[in-house]
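Taken together, the values in this text are just the output of simple stated rules run on the coordinates, not laboratory data. Here the structure is a predicted model, which means the values were calculated and not measured.
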Amino acid sequence: MSSTSLQQALEGQIQETWNNSTHPFSALLGIWLIIYSLYLLILAAVVYGFSLWQ
């Protein structure tokens, strides 16, 4: 096995490991945004309304 093919195999393994570890985080972030987006919208409306009231 040449050095170049070994390096490519290692890079492929690192990329696969990275993808496997970050996929659950991105899924969790998406679920969190779906659940809490209404609350964030309400909070933004309250802050905006308060700034208009001042």
Could you work out how much longer the chain between S5 and L43 gets when fully extended? Use 0.36 nm per residue separation minus the Cα distance between them, nm to one decimal.
8.3 nm
Between 0 and 90°, nearest 10: helix 3-53 axis offset from the chain longest Cα axis
0
Helix-only mean residue ellipticity at 222 nm, the chain, DSSP H runs n ≥ 4 weighted -39,500 (n - 2.57), per residue, nearest 500. What is it?
-35500 deg cm²/dmol
